[in-house]
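Reviewing the structure listed below.
The values are calculated or read from the model by the stated rules, or taken from the named source; none is laboratory data. Remember, predicted model here, so these are calculated numbers, not experimental data. Neighbour counts are summed over all protein chains in view; Cβ atoms, including those assigned to glycine, are modelled from backbone coordinates with ideal geometry. Ligands, DNA and RNA are excluded from the accessible area calculation, which covers all protein heavy atoms including side chains. Shrake-Rupley method; radii C 1.70, N 1.55, O 1.52, S 1.80 Å.
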Amino acid sequence: YSSAVQKFSQTLQSFQFDFIGDTLTDDEINIAESFKEFAELLHEVELERSMMVQNASDLLIKPLENFRKEQIGFTKERKKKFEKDGEKFYSMLDRHLHLSSKKKESQLQEADLQVDKERHNFFESSLEYVYQIQEVQESKKFSIVEPVLAFLHSLFTYNNLTVELTQDFLPYKQQLQLSLQNTRNHFSSTREELEDLKKRMKEAPLTCKLPGQPTIEGYLYTQEKWALGISWVKYYCQYEKEAKTLRMTPMDQKPGAKQGTLDLTLKSCVRRKTDSIDKRFCFDIETNERSGTITLQALSEANRRLWMEAMDGKEPIYHSPITKQEEMELNEVGFKFVRKCINAVETKGITTEGVYRTVGSNIQVQKLLNAFFDPKCPGDVDLQSGDWDIKTITSSLKFYLRNLSEPVMTYKLHKELVLAAKSENLDYRLGAIHALVYKLPDKNREMLELLIQHLVNVCEHSRENLMSPSNMGVIFGPTLMRAQEDTVAAMMNIKFQNIVVEILIEHFGKIYSGPPEDTTAPPVPPPRVAARRHKPITISKRPLRERPVFFGASVEESGADRHGQTPNGSG
């Protein structure tokens, strides 16, 4: 057993987490370093161990095995389904593209329906597979660490370890549990946004326009004329609208062929009439590098419209109607609504357990919003009356803020705020956010101050309502900040949006005492400057000292007085 524990310690020492994104939060740094801390502890424990841990299997091995079987095994099944559906779809698509337009319309329609059905199945399989990979990568941060943490706690509780080691471990365990809980909260917040994004993507499965560069990309077939006839060659194409550049990479390289990637500059794009060619979904382009026209075939009619829209082609552009919630505005009525909601919460609900976390009825929320924002008598609603409970008021406030035409902290400053939250330098992190707050438009800064002051008041009653600055950050991060483009990458930055709001709450007095001397974000100090940085929590490097006799207070008891203090942005 001792040999097995030593090997386990070595495994923990060498284990590396894979994190999605370019920067870790302070809590994720604690989690990433935790296995090394565990390894040092195990080495120390083995020097004093005299008994076998009876319940190691229940606390450690089974949870990890279940995670591997249920999560990773399920992901493998998703992968098999994705590959099977992909092979089936592209096989059918290749056959479909060789159909002649001379065939009967009923035959073409039936073929189109079959392709659309397989395309939908493949698109759904790919979404489920990618989403499952993301979920496993994110959930393992706590699903793997927590069993190991429980195993260590069992060792210290049921074996003859020294009193000093047990006393030193408990504070570390509490801090790590807090980091795990914060990371879990960020995961839950991000997961909800990803579910919403996945739902929107499923509702518009034919969209292949991607945010950023390139403007559009995908497979196209090119008509190529040879001495003995005409052939259609498959290319993977990437088009950048601003530069008007089209990159074409051949996908069907024949043995001995030297054809490479083509980089072309677009001059014009015109739809190809159906009766002029024995292929469907075609359009012609002209480029500076080639004389004459190049005929391209898209994968479907909708796909052709997207390519032509991106290339400013001479093809009517059809937009599908999008049902969208009517956007709210940051105006006088909006300010009145926010003030009334805040007053109602602070008057009759500030000590309510889970305030802002508990969700109200959608019907009641819509009823309140419709009544308050009624154009005939805006603002004529008494929130102090018994008609509206706290859950309805808090949910209505969050709904209003989330549905503003632009978030309170603006699209323009979103990237800078996220970058500030990612900084390892705690002084820079606070200073940059302080400066960026005063770059907000006046009405946005006024609204933000109103809301953060309220959240500070709510957090002051955390003993009763159990709402810490970290919890409020998880709730109001995606509400006060959001990226202009809905992408998975933007969803992965939600945890840093949460940290921005958490910092605003914890340092409200300093930030709103006045603008910094220089309203631009302070530069990051050079490495030689001993800047305050977040240091991972540690137990293995603790100083040894004499301690009073310890009679085994439980973790829960010792953590009873702990509240929402977190390492994010704290001095």
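The table below lists the values:
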{"quantity": "Rg(Cα)/(2.2 N^0.38 Å) for segment 332-512, N = residue count", "calculated": "1.02"}
{"quantity": "Segment 457-472 - phi-based ³J(HN,Hα) in whole Hz, Karplus 6.51/-1.76/1.60, Gly and Pro as x", "calculated": "4, 5, 5, 5, 9, 5, 4, 8, 8, 6, 10, 8, x, 5, 4, 5"}
{"quantity": "Estimated FRET transfer efficiency when R0 is 41 angstrom, pair His98-Ser268 (beta carbons, to 0.05)", "calculated": "0.90"}
{"quantity": "Accessible area, probe 1.4 Å, largest first, for residues Arg78, Arg119", "calculated": "Arg78, Arg119"}
{"quantity": "Length added when fully stretched, Ile61-Asp278, from 0.36 nm per residue minus Cα-Cα", "calculated": "71.8 nm"}
{"quantity": "Lysines with Cα under 17 Å of Lys439, excluding same-chain neighbours fewer than 8 positions away", "calculated": "Lys412, Lys415, Lys510"}
{"quantity": "Cα gyration tensor of segment 215-311 - equivalent ellipsoid semi-axes, whole Å, descending", "calculated": "19, 17, 13"}
{"quantity": "If the convex hull is drawn through the Cα atoms of segment 1-203, its volume per residue in Å³", "calculated": "141"}
{"quantity": "HN-Hα J in Hz across segment 340-349 - Karplus 6.51, -1.76, 1.60, θ = phi - 60°, x for Gly and Pro", "calculated": "5, 5, 4, 4, 5, 5, 6, 7, 10, x"}
{"quantity": "Spread of Cα-to-Cα distances over 10 Å intervals beginning at zero, given as percent, for segment 388-429", "calculated": "24, 30, 27, 18, 1"}
{"quantity": "Label-point separation, His120 to Asn343 (7 Å along Cα→Cβ), nm", "calculated": "5.1"}
{"quantity": "Probe 1.4 Å - accessible area at Val333, Å² to nearest ten", "calculated": "40"}
{"quantity": "Cα-projected label distance for Thr23 with Glu449, points at 7 Å along beta-carbon direction, nm", "calculated": "2.6"}
{"quantity": "Gain in span if fully extended, Ala302 to Glu77, counting 0.36 nm per residue against the direct Cα distance", "calculated": "77.9 nm"}
{"quantity": "Long-range amide H partners of Tyr512 with built H, under 5 Å", "calculated": "none"}
{"quantity": "Separation in nanometres of the label points that stand 7 Å from Cα toward Cβ, at Thr358 and Tyr1", "calculated": "4.7"}
{"quantity": "Candidate residues Phe89, Phe8: accessible-area rank, largest first, probe 1.4 Å", "calculated": "Phe8, Phe89"}
{"quantity": "Calculated FRET value between Cys377 and Val233, using beta carbons and R₀ = 60 Å, to 0.05", "calculated": "0.35"}
{"quantity": "Accessible area of Met311 in the full protein assembly, 1.4 Å probe (Å², nearest 10)", "calculated": "10"}
{"quantity": "Table column - 3J(HN,Hα) (Hz), segment 487-501, Karplus curve with 6.51, -1.76, 1.60, x for Gly and Pro", "calculated": "9, 5, 4, 5, 4, 6, 8, 4, 4, 7, 4, 4, 5, 4, 5"}
{"quantity": "Calculated FRET value between Lys510 and Glu44, using beta carbons and R₀ = 35 Å, to 0.05", "calculated": "0.30"}
{"quantity": "Leading residue at positive end of dipole, segment 1-108 (Cβ point charges), from Gly21, Gln6, Phe82", "calculated": "Phe82"}
{"quantity": "Probe 1.4 Å - accessible area at Tyr438, Å² to nearest ten", "calculated": "50"}
